[in-house]
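Accompanying notes for the structure given below.
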Protein chains: 4
Amino acid sequence: MKPLRIGLIGYGFMGRTHSNAYIQVNNFFDLEYRPVLQAVCARDAEKAKSFAAKWGYQSIETDWRRLVERDDIDLIDIAAPNNVHAEIAIAAAKAGKMILCEKPLALNGPEAEKMVAAVTKAKVPNMVWYNYRRVPAVTLAKQLIDEGKLGRIFHYRAKFLQDWTISADLPQGGAGLWRLDVKVAGSGVTGDLLAHCIDTAMWLNGGIDSVTATTETFIKQRKHTLTGKVEKVGIDDASLFLARFSNGSLATFESTRYARGHKALYTFEINGEHASIFWDLHDLHRLQYFDHRDQGAVRGWRSLHITDSEHPYMKNWWVPGLQIGYAETFVHQVVDFIQGLSKGKMAGPTFKDGLATDYVTDAVLKSAKTGRWEKVKKAR
Amino acid sequence: MKPLRIGLIGYGFMGRTHSNAYIQVNNFFDLEYRPVLQAVCARDAEKAKSFAAKWGYQSIETDWRRLVERDDIDLIDIAAPNNVHAEIAIAAAKAGKMILCEKPLALNGPEAEKMVAAVTKAKVPNMVWYNYRRVPAVTLAKQLIDEGKLGRIFHYRAKFLQDWTISADLPQGGAGLWRLDVKVAGSGVTGDLLAHCIDTAMWLNGGIDSVTATTETFIKQRKHTLTGKVEKVGIDDASLFLARFSNGSLATFESTRYARGHKALYTFEINGEHASIFWDLHDLHRLQYFDHRDQGAVRGWRSLHITDSEHPYMKNWWVPGLQIGYAETFVHQVVDFIQGLSKGKMAGPTFKDGLATDYVTDAVLKSAKTGRWEKVKKAR
Amino acid sequence: MKPLRIGLIGYGFMGRTHSNAYIQVNNFFDLEYRPVLQAVCARDAEKAKSFAAKWGYQSIETDWRRLVERDDIDLIDIAAPNNVHAEIAIAAAKAGKMILCEKPLALNGPEAEKMVAAVTKAKVPNMVWYNYRRVPAVTLAKQLIDEGKLGRIFHYRAKFLQDWTISADLPQGGAGLWRLDVKVAGSGVTGDLLAHCIDTAMWLNGGIDSVTATTETFIKQRKHTLTGKVEKVGIDDASLFLARFSNGSLATFESTRYARGHKALYTFEINGEHASIFWDLHDLHRLQYFDHRDQGAVRGWRSLHITDSEHPYMKNWWVPGLQIGYAETFVHQVVDFIQGLSKGKMAGPTFKDGLATDYVTDAVLKSAKTGRWEKVKKAR
Amino acid sequence: MKPLRIGLIGYGFMGRTHSNAYIQVNNFFDLEYRPVLQAVCARDAEKAKSFAAKWGYQSIETDWRRLVERDDIDLIDIAAPNNVHAEIAIAAAKAGKMILCEKPLALNGPEAEKMVAAVTKAKVPNMVWYNYRRVPAVTLAKQLIDEGKLGRIFHYRAKFLQDWTISADLPQGGAGLWRLDVKVAGSGVTGDLLAHCIDTAMWLNGGIDSVTATTETFIKQRKHTLTGKVEKVGIDDASLFLARFSNGSLATFESTRYARGHKALYTFEINGEHASIFWDLHDLHRLQYFDHRDQGAVRGWRSLHITDSEHPYMKNWWVPGLQIGYAETFVHQVVDFIQGLSKGKMAGPTFKDGLATDYVTDAVLKSAKTGRWEKVKKAR
């Protein structure tokens, strides 16, 4: 196995999921490369050291520019807040590094375009961490659609519901709360949650032509952790849109952090001429499948328990009936990235795919202002 | 018990549900009035006779005008297609009859306004058969909201999914298929299915201010049963809209007859500050309830099996654990109508409530054409 | 239609379910006979009158012996407590009446043998009200098994869980509580709940050869309503047994009134070589079905929503998606009884079937005392 | 952190789950010890090398006796077939090693007694890998019971259903199939699956006094992989028993490998005076909880999604809504073992607990032969 020397930027929630994936991947999958935890970068040296000790990174950096320039790094993994993705990625591309970037790719389409241009010019392998494509149940959905099991698609509906920010006492900004600060996050649930729904949707159902949207900020002001002052909240707490796909199907999308009772309820349903599919992140190891071609009296929604060797990725884990969890989706993404390297054909979602999603979120935010249907720009 | 002499117009699906309700109601509920099956009216005398024999109607009519004028009829029940509701109801009101009218009230708001004017002028008791308000689980939802259990409402989402008309071979028009004929039905799923969702939503969550919508007709042409020719399909096969309620909550609504795997999947979910509710017509005897005030470690969605004596209407049926079905919702509507007569205070949904729903469907259909947010007219 | 003049004995819960069935049956099913509510019998004349008025019975009796002898009665319906079933049924048979008897058929096998002898000698149509065979989902299960869909059966498991008598303050005996009085009920949950499970099981899976059982009375003493004294409780609160069927399959059966959270949770599951089935009374309109012959990646438990015209009995009710409830199972039993009359071939469960179930409950109660496996006597 | 040098015996399914746990544990939990993958032992040197390379073991052995004697090993992990547990464990204890042993502890009680004696005499920390105690939902169940939330327990029911060996073509014996060879496995599902159910049950609900059981071998002969001949099958394919716990509660237990549709469906339900609990391995991240003290109209089974920081072990993983899988249960077991070392108080299940389970399976197998209730020997 060849080493794949990782330089990780960020030590938060995503720094942990990525690191765990690098550690587990070769124990379960036979691959040409083995990730090596070469360095982790954080502005705070103590935090970087502590993270490195816990996860086994061999060195630390406190300035991402130094990390990007190091000769002993093959791949830059960007797990830092949204507002620094572009700058880092462009520098990493220039330095000839492979790049794995957390989602959303950028704060908006124009910024993402520059990132795509940079990796295209540098010809470096690149990927965005839209990990939900690698839930085995979701990958199976993709296979079933590609096999034509559903036939013509009429409807797509997705939602991502949380109840995390209902309390008015929650501050905005700072470590752990930067997702509530519009300057750092770019938008609220549109970029954070809907972006996941959109990436999956376009993977499964093709491009989106146009959208009409509305957004809302239920709590208008919150104390800002960094300034200590009560400030206007700039992010959207909820974001809903109707969409028309290029294939003629109609869609509803919704995301919110004000849905009491839901912690991370990302669901999607697809209704085709012959069959339908439903998936739910709260039971990510199941896929609901309805096939109209079943004999009438025994036709019904099938609850597939995605733990068989016939299911995507699953023969590499345990035995039938024993489920995997959230963490393994990142392992699968590393598997596909490495297999892409071996084949010389990049696995998606690439930066270009990430740009396509940013174009949709741009159109959603624009429509929420204009009150009209907005065309979605196409990534070429 | 006093007699309540019924004159029923129509002998189809709804003629059967209403008749069954009149027959069962006094066996289970103690009421001041007993419905008497006085006459059924249908243009085809043979069909009227056959229906009367089966259900125990004492006489028949073949012209609804004659029925409306009969002295031995107290209440006209309109279970005929949508395009004749207005004319019959206005005549019945003039004749001083009480009126129970199938939903939607009329083909559109302006027509419904005339019906409201007629019953208001005649001061006759009136009601629209939006029966889903009387599913015990839905009535319980109303009680929980009225008690303040949910607190401020953030989100409402409803859908009504069917898969009945996916086949391109299905004709339009004529008996059993008039719902596909725009001249008779007025619209497609907007008036047939979404109207149910809208009536429930405004009952539970108050008025709707504005909507943005899209509709689609997937199968553009179908043979017409009456003309024998292939004709353009005028109804909407699918109808989706976003809405803003007067109370500040956001909503998605969707209905379609192209959702493979769903037969009559009317669902709604309401997310409040403290609690959330979910209901599903395919398991109408259950209500899902989440209460954030439960102790953290044992907080979760509760599946309420609505068969206890503490649940609305249920102490009059069987014992805990034994469910009722669809038919009983019509019995409950008759119960409430009769109790309204006794109290001298009409139970909803009245014609005025039906008009309010028609205003929303008008705005939906308009927005689907203009591509803009449309204000909803308020029924006064 | 020919009249079928009913004489009902008993006016409790079961008096109501049967009466409702007689009233509804001809509105939904085309049959040769129409039940006529000729007379209801109760020892208390006021209660008999009140029930007759509510349900439309044309006359009353206060002595069942008089009812049995009336010339204008075709069928005696026994909805009285268990300890009077035998005496009434034997007298009714001698009088040449058809008999519908509530379950369990008798207090024990020997008593039931006399009832079978009486109806056999008199050649009168007879049936036991084990209504759960007529839940459409259960009838479908029977059809699937008879078609060979399951192949060789390995396992059967059934349970009937309630939480009705956990309170130590609940008295025994008297109206509404006779099921807790061993002298009237014969046994506790064994005859009341397990008998249902056993009837269904033998219908679906054939005869039971032997059982090993245990029973328990958790609350040892309760006040007796009729004597006013605290008396020893003679019934079993819980009854569990293992069984071996004649077809080689193994089974677990359990019933209790001490299962907190369950109101009337009758469930059964059958595992065959090729397919499995699960059913649950709390969602009686669904059947869970797993077919191993489905393609591997999309193999899973199917949730069948038993509301289609292809499902047993359902084309006579509403439209797909709209469920029926508990009451309709009694309607179906009347349908099958009448169709049996027309065909001259009795529908089950006949008294002989009821006897077979009593033999199993006898063996269960015996094993609970001996601590050994007991053979089950076969009804011939 | 201090090193905890592991010597693993066995490289199969369990060798993998244990190794993964040793690798992940310090990344997620702060502990005094860090497991070091010192050596793996397998009779086949090539297989040992291959496993060592994949998982990062620093050395290999082909004779477990040499491993046990190595000075650089602190802990012997026995992941070899059941018939060698005792010999290895006794030798390891004599050598003063800590021992983690796969379940069941031994082939039977008498053998297990010797193992308990050996670790007691040597005073070495010891544990049995009954990992299901460490599913967070199961641990929460334990907490709720210990808090008294359920009150007096009336009923316990557990089953472990698989459909793995229905094919008559499946051979017995050899790698991957030793569980079908009675000489290696000791018994069939009784020791393999029921043992899990029994360990959990006694942890949650206390000791079992007596049992009555039945077992069956559906396929009587199978080709033996090692001899190449068709041989009699000595294991039990299914094992069912009724039990009485010391606390007065009644129980049903069932396990089989002939339940079509179930892959590893381990479920248990506990009914208490005030509350009930249900858990299911196929959705291991959920716990169903019913509390009768909830207000009547909104009382129902709660589906707890065990992903909150308030839930056992979960604050060390991801964020609310994101589930863990099967693998993490082994991590938790290592956490508790190490914390036990730090505290000087062994976490269960110890060898003594494993012996108690073996006493129950002994009684089950005996009762299946005698047809009588058998007392369960108590581990002292």
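The values are calculated or read from the model by the stated rules, or taken from the named source; none is laboratory data. Model, not experiment: these values are computed from the prediction. With ideal geometry, Cβ positions are generated from the backbone for all residues, glycine too; neighbour counts draw on all protein chains shown. Surface areas here come from the heavy atoms of the whole protein model, side chains and all, with no ligands, DNA or RNA. Shrake-Rupley method; radii C 1.70, N 1.55, O 1.52, S 1.80 Å.
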Mean separation of Cα contacts under 8 Å (at least 6 apart) over the residue count of chain B, i.e. the relative contact order in percent, is 19
Mean other chain Cβ within 10 Å across B:272-279 is 3
Segment A:77-167: Kirkwood hydrodynamic radius (Cα pairs, Å) comes out at 15.6
Which of B:S255, B:S239, B:S342 fluctuates most in a GNM of chain B (C-alpha springs under 10 Å)? That residue is B:S342
Mean other chain Cβ within 10 Å across B:330-336 is 0
Taking Cα atoms only, Rg over Rh for segment D:1-78 with Rh from the Kirkwood formula is 0.96
GNM of chain B, Cα pairs under 10 angstrom: of B:S246, B:S367, B:S187, the biggest fluctuation goes to B:S246
Taking every DSSP bridge whose two residues both lie in chain C, the antiparallel percent to the nearest 5 is 60
The size of the Cβ-based charge dipole (Lys, Arg +1; Asp, Glu -1) of chain D about the Cα centre, to the nearest 20 debye, is 580
Note on the protein assembly as shown: the mean projected area of its alpha-carbon convex hull, in nm², is 55.6
The size of the Cβ-based charge dipole (Lys, Arg +1; Asp, Glu -1) of segment C:337-380 about the Cα centre, to the nearest 20 debye, is 200
For chain D, the charge dipole (Cβ of Lys, Arg +1; Cβ of Asp, Glu -1; about the Cα centre) points to a positive end, and the Cα of D:V230, D:L180, D:A168 closest to that extreme belongs to D:V230
For segment A:287-380, listing GluC sites (Glu not before Pro) in a DSSP loop whose Cβ sees at most 16 other Cβ atoms within 10 Å gives A:E310
Computed over segment C:91-152, protein heavy atoms only, probe 1.4 angstrom, the accessible area per residue in square angstrom equals 35
Lys and Arg at +1, Asp and Glu at -1: neighbours of D:H274 with Cβ under 9 Å from its Cβ sum to +2
Mean accessible area per residue over segment A:230-363 (1.4 angstrom probe, all protein chains present, square angstrom) is 25
Note: B vs C interface, total accessible area buried (1.4 Å probe; ligands, DNA, RNA excluded), nearest 100 Å², is 3400
Around B:Y258 (Cβ within 12 Å, Cβ-to-Cβ, excluding B:Y258; K/R +1, D/E -1) the net charge comes to -3
Largest fluctuation, C:T214, C:T200, C:T190 only, Gaussian network model of chain C with Cα springs under 10 angstrom, belongs to C:T214
Mean separation of Cα contacts under 8 Å (at least 6 apart) over the residue count of segment B:1-72, i.e. the relative contact order in percent, is 34
Placing +1 on each Lys and Arg Cβ and -1 on each Asp and Glu Cβ in segment D:310-380, then taking the dipole about the Cα centre, the residue among D:A347, D:F330, D:G371 whose Cα reaches farthest towards the positive end is D:G371
Bounding extents of segment C:238-321 in its principal axis frame from Cα atoms, largest first in Å, are 40, 32, 26
For C:L226 the rounded accessible area (nearest 10 Å², probe 1.4 Å, non-protein molecules ignored) is 130
Scoring only Lys, Arg, Asp and Glu (+1, +1, -1, -1) among other residues with Cβ under 15 Å from the Cβ of D:R70 yields -2
Filtering trypsin sites (Lys or Arg not before Pro) in segment B:255-312 by DSSP loop and by at most 11 other Cβ atoms within 10 Å leaves B:R293
Taking only the Cα positions of segment D:229-380, the convex hull volume per residue in Å³ is 220
So, relative contact order of segment D:175-321 in percent, Cα under 8 Å, 6 or more apart, is 15
Excluding ligands, DNA and RNA, the carbon-plus-sulfur percentage of the accessible area of segment C:61-125 with a 1.4 Å probe reads 50
Ignoring ligands and nucleic acids, A:Y33 exposes an accessible area, probe 1.4 Å, in Å² to the nearest 10, of 40
For segment C:1-141, the dipole about the Cα centre with charges only on Cβ (Lys and Arg +1, Asp and Glu -1), to the nearest 20 debye, works out at 120
Note to self, chain D gives a 222 nm [θ] from helices alone (DSSP H runs n ≥ 4, -39500 (n - 2.57) apiece, / all residues, nearest 500) of -10000 deg cm²/dmol
Shape descriptors of segment A:38-95 over alpha-carbon atoms, Rg and Dmax in angstrom, are 11.1, 31
Inter-chain shielding metric for B:142-152, i.e. average beta-carbon neighbours from other chains within 10 angstrom, reads 1
In terms of the alpha carbon gyration tensor, root eigenvalues a ≥ b ≥ c, rounded if a/c is under 1.5 and otherwise prolate when a/b exceeds b/c or oblate, chain D is oblate
